[in-house]
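First up is the structure itself, then whatever we jot down about it.
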Amino acid sequence: MESRRKLLIVIAALLAVLIVTPFANSYVIVLVTHALIFAILAMSLDILLGFAGLPSLGQAAYLGMGAYLTAILATRFQFGLDWTFGLVVVLGILIGAATAALFGLFAVHAGGVYFLMITLALGMCVWGLAYRWNSLTGGDNGIVLPTRPEFGIQLADDVTYFFVVFGFFVAALALLTVLVRSPFGRSLVGIRENEPRMRILGYHTWLHKYLAFIIAGGFGGLAGVLWAHAHGLVSPEDVVLATSVDALLMVVLGGPGTLVGGAVGAGIVVFLREYLSTLVPWWQYVLGGVYVLTILYLPGGLMSVPERIRGWRARWENGVRVKFPRHTS
Amino acid sequence: MNGGRPALELRGLSKSFGGLDAVRDVDLKIFPGDRKAIIGPNGAGKTTLFNLISGVLPATSGQVLLFGRDVTRWPSHRRTALGMARTFQITSLFPKLTVLDNVLLAIGGLRRTKFVMWRFLSSYRDPHEKARRLLESAGYWERRDVEVRQLSHGEQRQIEIVLALASDPKILLLDEPAAGLASGESREMAAFLKRLDPDLAILLIEHDMDVVFDVVDRISVLHFGRMVEDGATSEIRSSAKVQEIYLGTG
Ligand SMILES: Nc1ncnc2c1ncn2[C@@H]1O[C@H](COP(=O)(O)OP(=O)(O)OP(=O)(O)O)[C@@H](O)[C@H]1O
Ligand SMILES: [Mg+2]
């Protein structure tokens, strides 16, 4: 019952976004598109952080791989600007997954803070490549994409592109929702809660974490492909540490281990950043403050708010009963 | 003793932590259906011995054989797949998950479906049937949706055993299952253990001698990592050497 209600709420929210966004002003349409792309990245990170308990600080690396691949194919080979866009999506997922498969060999056997440090370092490697490998990546200037793909439909139109990104987002959400409730997804939760016990129960825990790492990389790659065409420019800016930290902030803010929380967090962070940056020069500190306050006072993120309110209400009602026993009985 | 191949065999098994020899040159054979206790004072090396058998720690020297196969260098999960299960002296469950989810994880450990990502776990009937059977026999089916951390210590000790049984082991290692239980609870625990499949081999570490005498028929005594005595419960009960060890003069 409870889960059916949650499903209905999510579907209602998705429909609202789908219906309202096209009527918003063009700036908002672009922002919603960006938020949806980052929502995919945040959900991919949530698989690691929220479900498997692996705090990755390098998720931007996979987004970067997908984005650079898209940009390089488009500018050098004019590939992916027609129906071949579909192939680029597949290749972007594969390159994200392949990069994760390589990085995972170093990162996955480490636990806790070491995992954090290694993913951070590997993320920096990708940034270093993007920045230094001038001939391929355009260095600091990055790569400007020619146009968006066109295959019967014109993705150059922001509303059309929004619909496409929305479709990918819903697909990612659906796939990941099944994944986290599958036997494999439940094994990740077991590993998060008590890895030594999982080993004794017969799970090859390293392999489970490694597979989760690769899957998260694949979804990161997908986000990268979409990002390249959304932004029209791919630069080292996209793979800096700050992007990985943003993804982490989205998950923590929304609620780790909830999937949807990452998407909510992505929406809030994208909009907050856009509006704050036009209002105040020190907007980054505001985001940092939000981050710290969430960790300190709302460890379950925004998704845990309804449950907390229920808890408060129950306690308050009990409190009333204790204080005025004669009135209630 | 049964003839045939031992379920578990240890040959000259040793473990040292730096300068400390926690387990020294232990030999042991357990046959299917055997019920044996390992006793010894605190720090004798009993838990370390279990860690070597289950692959939690690597042995310094010697061999561990499960059903005739040398598993000394195998990781834990592969040993479990051969039919070994264990519990922990310090309760090791999934405290934030429900009783049912704990058991489902335990049941899934040896199933190939554990890698399935495209289907809800709840859509599999088999594991649920099995979880139901296990939880009913242990008396927890009604409370399957309670988070494990909300159970009492004694109840958690029982769930600990249920998880170990979920993989249908042929040899079960129990590390002080009655630790911290009230005497009524440990009597129940002993009765529960006696009801288990008679073909299941059990190796039991326990300080509560009532439970030991109730459940097993043979006892090995570990002292400073060495197996110093081995015999039927009655022999061990009257052994002068064991008295010495427990009085601290040995
Ligand atoms: N991982 C470890 N690193 C270093 N020393 C250890 C380790 N594990 C156990 N020891 C030491 O090895 C010795 C044997 O410990 P062990 O836990 O096996 O004893 P035990 O017989 O289970 O005791 P108890 O009855 O108290 O549970 C102890 O001196 C202990 O301090
Ligand atoms: Mg011990």
- Most to least accessible of B:118, A:283, A:312 (protein chains only, probe 1.4 Å): B:118, A:312, A:283
- Greater than 25 Å apart at Cα, pairs in B:36/B:114; B:46/B:96; B:36/B:170; B:29/B:130: B:36/B:114; B:46/B:96; B:29/B:130
- Message: For the range A:31-269, compute the orientation-averaged projected area of the C-alpha convex hull (one quarter of its surface), in nm².
- Response: 11.6
- Query: Can you list the residues, at least 5 places off or on another chain, whose amide H is less than 5 Å from the amide H of residue A:255, using H built in the peptide plane?
  - Reply: A:302, A:303
- Query: To the nearest whole percent, what portion of all C-alpha pairs in the range B:156-250 is separated by more than 15 angstrom?
  - Reply: 63
- How far is helix A:26-46 tilted, in degrees, relative to the longest principal axis of the Cα atoms in chain A, given as a value from 0 to 90 rounded to the nearest 10? 70
- Task: List the residues whose amide H sits under 5 Å from the amide H of residue B:44, counting only those 5 or more places along or on another chain, with H placed 1.01 Å from N in the peptide plane.
- Result: none
- Within straight-line cross-link reach of residue B:15, aspartates and glutamates at Cα separation under 12 Å, skipping those fewer than 8 residues along the same chain: B:25
- Would you mind working out the accessible area per residue for the range A:31-269, using a 1.4 Å probe, and quoting it in Å²? 33
- Message: Let me see the P(r) profile for the range A:1-124: every Cα-Cα distance counted, bins of 5 Å, each bin given as a percent of all pairs.
- Response: 2, 9, 14, 16, 15, 16, 14, 10, 4, 1, 0
- Message: For chain A, take the longest principal axis of its alpha carbons; what is the angle in degrees between that and the long axis of helix A:60-77, to the nearest 10 within 0 to 90?
- Response: 30
- Given chain B, what whole percent of its Cα pairs are spread farther than 22 Å? 56
- Message: Let me check I've understood the local charge: for residue A:175, count other residues with C-beta under 15 angstrom from its C-beta, Lys and Arg +1, Asp and Glu -1. What total comes out?
- Response: +1
- Principal axes first, then extents: for the Cα atoms of the protein assembly as shown, list largest minus smallest coordinate on each axis, whole Å, largest first. 89, 73, 44
- Per DSSP H run of n ≥ 4, the term is -39500 (n - 2.57); total these for chain B, divide by its residue number, and report the mean residue ellipticity at 222 nm rounded to 500 deg cm²/dmol. -10000 deg cm²/dmol
- Message: Please compute the modelled spin-label separation between residue B:89 and residue B:25, points set 7 Å along Cα→Cβ, answer in nm with one decimal.
- Response: 2.4
- Message: Suppose only helical runs count, i.e. DSSP H with n ≥ 4. What mean residue ellipticity at 222 nm does that imply for chain A under -39500 (n - 2.57) per run, divided by all residues and rounded to the nearest 500 deg cm²/dmol?
- Response: -25500 deg cm²/dmol
- Item | Accessible-area composition of the range A:167-303, carbon plus sulfur, in percent [1.4 Å probe] | 71
- Heavy-atom SASA rank of B:57, B:66 (probe 1.4 Å, accessible area, largest first): B:57, B:66
- Query: What is the calculated FRET efficiency for residue A:83 to residue A:309, with r their C-beta to C-beta distance and R₀ = 51 Å, to the nearest 0.05?
  - Reply: 0.55
- Message: Within the range B:210-228, list the residues whose amide N lies under 16 Å from a label point set 7 Å along Cα→Cβ of residue B:237.
- Response: B:210-220
- Measure nothing but the geometry: give the 0 to 90° angle between the long axis through the Cα atoms of B:153-165 and the longest principal axis through the Cα atoms of chain B, rounded to 10°. 80
- Item | Extended-chain gain in nm, criterion 0.36 nm per residue less alpha-carbon gap, residue A:4 and residue A:106 | 32.7 nm
- Simple spin-label model, 7 Å along Cα-to-Cβ: residue A:295 to residue A:24 in nm? 2.9
- On average, how many beta carbons from a partner chain sit within 10 Å of the beta carbon of a residue in B:118-127? 4
- Item | Test item: B:79-90 mean partner chain Cβ contacts at 10 Å | 2
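The values are calculated or read from the model by the stated rules, or taken from the named source; none is laboratory data. Computed from a prediction, not measured in an experiment: that's the story for all the values here. Note that each Cβ is placed from the backbone with ideal geometry, even for glycine, and that neighbours are counted across all protein chains shown. With ligands, DNA and RNA removed, areas are computed over all heavy atoms of the protein, side chains included. Shrake-Rupley method; radii C 1.70, N 1.55, O 1.52, S 1.80 Å.
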